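Quick note: the coordinates plus some simple rules give every number you see, no bench work behind them. Bear in mind that the values here come from a model prediction, so they are computed numbers and not experimental data. Glycine also receives a Cβ, built like all others from the backbone with ideal geometry; neighbour counts cover every protein chain displayed.
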Amino acid sequence: MESTVAITATPTVETKLRAEHISMSFTRDGESMPVLEDINLEVGNGEFLCLLGPSGCGKSTLLSIIAGFLSPTSGEVKIDGEIVRGPDPRRIFVFQERGVFPWLTVEGNIGFGLFKLTRAERDRRIAHYIKMVGLEGFGKSYPSELSGGMKQRLEVARALAVNPDMLFLDEPFGALDSITRLIMRGELLRIWEAERKTIIFVTHDIDEAVQLADRVAVMSARPGRIQEIVNIDIPHPRDINSARYLELRTGIFNQIGLAHHL
Amino acid sequence: MTTLAESRNWEKFFWPIAVAAVLLVLWHYSVVWTATKIFPSPLDVERGLIGLFHKNVLWNDIADSLRRVALGFGAAAILGIPIGLVLGWYPAIDQVVNPTMQLLRPISPIAWIPVAIIFFGVGDKAAVFLIFLAAFFPIVVACVDGVSNVPSVFRRAGRNFGLTAAQLLARVVFPAALPQIIIGLRIALGISWLVVVAAEMIAVDSGLGYLVIDSRNSGKHYDLVVAAMLIIGVIGLLLDSGFRRLEKIKSVRWGFRDAS
Ligand SMILES: Nc1ncnc2c1ncn2[C@@H]1O[C@H](COP(=O)(O)OP(=O)(O)OP(=O)(O)O)[C@@H](O)[C@H]1O
Ligand SMILES: [Mg+2]
């Protein structure tokens with residue numbers, strides 16, 4: 001069944017990341033519990049890929065492996081042809097807003113990864129990214145003085161400031177209210193279009209995936225496998241009432257095995 | 001709304017003062033009704049206090065006690081913070097050291113007085129050593145706990161930006177643990193103030209503790225005993241509230257419960 005799954009990226013772009021036969025098990029109470037099983041995945045340079053799947057299927061685990069925070073039980077991840085052996089400033093992991101440092105101001109947070117730059121260059125970048133994520137006037141504020149959405153934007157700005165080529169986002173908007181969440185999706189797309197980073201975005205929200213991604217990798221329940229990869233062939237800005245949008249959305253709903261009526 | 005806030009403000013001072021006044025009155029009449037010849041009334045104590053303030057001895061005693069606390073507590077902080085950070089950072093070392101620490105920790109610093117006197121003789125050094133012992137363990141334990149409670153997202157984020165282990169400790173782990181370290185330092189300072197009084201009763205012949213015991217021994221001046229006790233209480237309170245101001249610093253305020 002897995003053989004029908006298309007794992008290759010769109011052939012016109014070069015491959016950025018390749019995950020080969022990734023398996024992961026955790027030991028709990030002395031028993032080994034498989035969480036990921038033979039994950040194969042290719043992500044193209046500059047692509048926006050969503051990892052979608054039910055809670056507990058191993059999305060965060062897979063993303064942590066890709067980012068180099070965890071080593072898989074077997075298999076390997078290659079980025080630009082190099083095997084990933086640990087975290088790297090060229091690829092930044094964005095945690096749900098909880099990752100901002102509460103002891104630093106907005107400026108301190110954005111400048112956190114810029115310690116190798118000269119002071120002038122650092123200040124220039126901080127100012128640039130404060131503006132990009134719309135936090136002007138809050139440079140001297142501490143995270144406890146910001147709203148959830150502002151903290152989330154701050155974390156994205158901190159990640160972008162070190163000019164990484166990849167961003168890994170683990171349900172970054174999960175803790176936000178639905179209006180802020182919609183705005184943040186638009187902001188992320190705007191930033192992605194401006195900076196063309198390769199993005200892997202974990203979500204369990206089907207609409208979010210179809211609104212954002214070039215491709216959606218649908219994962220099955222634990223042990224997680226890649227069930228299907230869906231190409232979202234709608235140009236941005238996307239009309240979320242278009243027939244194609246609804247068709248793709250329905251397709252993924254069916255793929256996950258959810259009925260349309262509650 | 002302003003009137004409500006005002007009345008609250010006014011009550012904030014009124015009730016504590018009322019409680020203190022009631023206690024003073026109770027104390028006064030207990031002395032009068034029991035017709036005790038030994039225990040002083042509040043008025044006796046007030047006279048004793050005024051007498052003390054006019055003597056140089058009091059100011060020297062206060063200075064001596066504060067100096068001993070500053071030295072003992074300061075040394076405990078300078079040694080205890082790095083040791084605690086390292087133990088929290090390397091759980092393997094902590095596992096080796098922890099049992100010994102847990103054994104030493106419950107021993108009251110007072111029990112060390114004879115040992116301190118053997119080591120240092122009667123004098124300043126013995127008292128400072130006792131305060132050091134009293135402050136050292138709470139500081140180390142607070143640092144170990146602080147470091148091990150740093151959320152893993154912070155460490156991961158730090159590693160992600162390419163920090164070396166030393167940078168991670170200085171730029172992520174230490175600031176993340178700082179609120180807990182400050183709480184530990186505050187507790188240690190409180191204990192130091194308790195211990196300096198006890199140490200001065202036995203190991204030296206100056207300081208506020210010595211003032212208490214000397215007032216009793218040289219002629220049962222219980223008015224001076226109680227007056228010295230009150231001075232000890234007030235200085236302890238001042239030390240604590242001074243330390244509390246550290247919690248208001250913006251880069252640590254997030255770690256305290258009343259943070260906005
Ligand atoms: N460090 C760990 N030790 C043991 N089990 C773990 C560990 N991390 C994750 N797991 C288990 O692995 C499974 C997958 O977890 P993971 O966090 O990757 O799921 P997820 O798809 O991100 O879920 P969610 O959508 O709820 O965030 C879960 O059953 C979880 O209990
Ligand atoms: Mg998750």
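Amide H contacts for A:F93 (H built 1.01 Å from N in the peptide plane; partners 5 or more residues away or on another chain; cut-off under 5 Å): A:F168.
For segment B:176-260, trypsin sites (Lys or Arg not before Pro) are listed when DSSP marks them as loop and at most 16 other Cβ atoms sit within 10 Å of their Cβ; the list is B:K220, B:R257. When every Cα-Cα distance of segment A:166-241 is counted in 10 angstrom steps from zero, the calculated P(r) takes the values 16, 53, 28, 3 percent. Neighbouring Cβ atoms from other chains, within 10 Å of the Cβ of residues in B:161-172, number 3 on average. In chain A, the DSSP-assigned H stretches of four residues or longer account for a calculated mean residue ellipticity at 222 nm of -9500 deg cm²/dmol, using -39500 (n - 2.57) per stretch and the full residue count as denominator. As a proxy for reagent exposure, B:T36, A:T15, A:T27 were ordered by neighbouring Cβ count within 10 angstrom, fewest first; the result is A:T27, B:T36, A:T15.
Scanning residues 5 or more positions from A:E228 or on other chains, those with amide H under 5 Å from its amide H are A:V218, with H placed 1.01 Å from N in the peptide plane. Among A:N45, A:N231, A:N241, the largest mean-square fluctuation in a Gaussian network model of chain A (Cα springs under 10 Å) belongs to A:N241.
Listed values for segment A:123-132 are Karplus-derived 3J(HN,Hα) couplings in whole Hz (6.51 cos²θ - 1.76 cosθ + 1.60, θ = phi - 60°), namely 4, 5, 5, 4, 4, 4, 7, 4, 5, 4, and x replaces Gly and Pro. Placing unit charges on the Cβ atoms only, positive for Lys and Arg and negative for Asp and Glu, gives the protein assembly as shown a dipole magnitude near 1200 debye about its Cα centre. Electrostatic tally near A:I65: other residues with Cβ closer than 14 Å to its Cβ, Lys and Arg +1, Asp and Glu -1, net 0. With a threshold of 21 Å on the Cα-Cα distance, the over-threshold entries among A:K78/A:K197; A:K140/B:K248; A:K140/B:K250; B:K125/B:K220 are B:K125/B:K220.
Per residue of peptide A:103-116, the mean number of Cβ atoms on other chains within 10 Å of the residue Cβ is 3. Fewest neighbouring Cβ atoms within 10 Å first, the residues B:D223, A:D177, A:D207 line up as A:D177, A:D207, B:D223.
If you count, for every residue in A:87-95, the Cβ atoms of partner chains within 10 Å of its Cβ, what is the mean?
4
The string of couplings for segment A:246-251 from the Karplus curve (6.51, -1.76, 1.60, θ = phi - 60°) is 5, 5, 5, 4, 4, x Hz, one whole number per residue in order, with x for Gly and Pro. Counting only Cβ charges, +1 for Lys and Arg and -1 for Asp and Glu, the dipole size of segment A:89-131 around its Cα centre is about 220 debye.
Residue-wise HN-Hα couplings along segment A:171-186, as the Karplus relation 6.51 cos²θ - 1.76 cosθ + 1.60 with θ = phi - 60° gives them from phi, are 6, x, 9, x, 8, 9, 6, 5, 5, 4, 4, 4, 4, 5, 4, x Hz; Gly and Pro carry x. Projecting the Cα atoms of B:L238, B:L169, B:G72 onto the charge dipole of chain B (Cβ charges, centred on the Cα centre) puts B:L169 farthest toward the positive pole.
Within segment B:95-132, whose backbone N sits under 15 Å from a point 7 Å along Cα→Cβ of B:N217? Within reach of a label on B:N217: B:122-124. Rounded to the nearest 500, the 222 nm mean residue ellipticity of chain B from helices alone is -26500 deg cm²/dmol, with -39,500 (n - 2.57) taken per DSSP H run of at least 4 residues. By the count of other C-beta atoms within 10 Å, a proxy for reagent exposure, B:Y210, B:Y90 are ordered fewest to most as B:Y90, B:Y210. GNM on chain B, alpha-carbon springs under 10 angstrom: the most fluctuating residue among B:V115, B:V22, B:V140 is B:V22.
If R0 is taken as 30 Å, the Cβ-Cβ distance between A:A194 and B:L246 corresponds to a FRET efficiency of 0.10. Taking amide H as placed 1.01 Å from N in the peptide plane, A:H204 has no amide H partner under 5 Å among residues 5 or more places away or on another chain. Binning the alpha carbon pair distances of the protein assembly as shown at 20 angstrom intervals from zero yields the distribution 18, 37, 25, 16, 4, 0, expressed in whole percent. Highest mobility in the GNM of chain A, judged by mean-square fluctuation with C-alpha springs under 10 Å and restricted to A:R124, A:R98, A:R225, is found for A:R124. Taken about its Cα centre, segment B:1-154 carries a charge dipole of roughly 220 debye when the Cβ of each Lys and Arg holds +1 and the Cβ of each Asp and Glu holds -1. Extension gain for A:D123-A:F253 works out to 42.2 nm (0.36 nm per residue, less the C-alpha to C-alpha distance).
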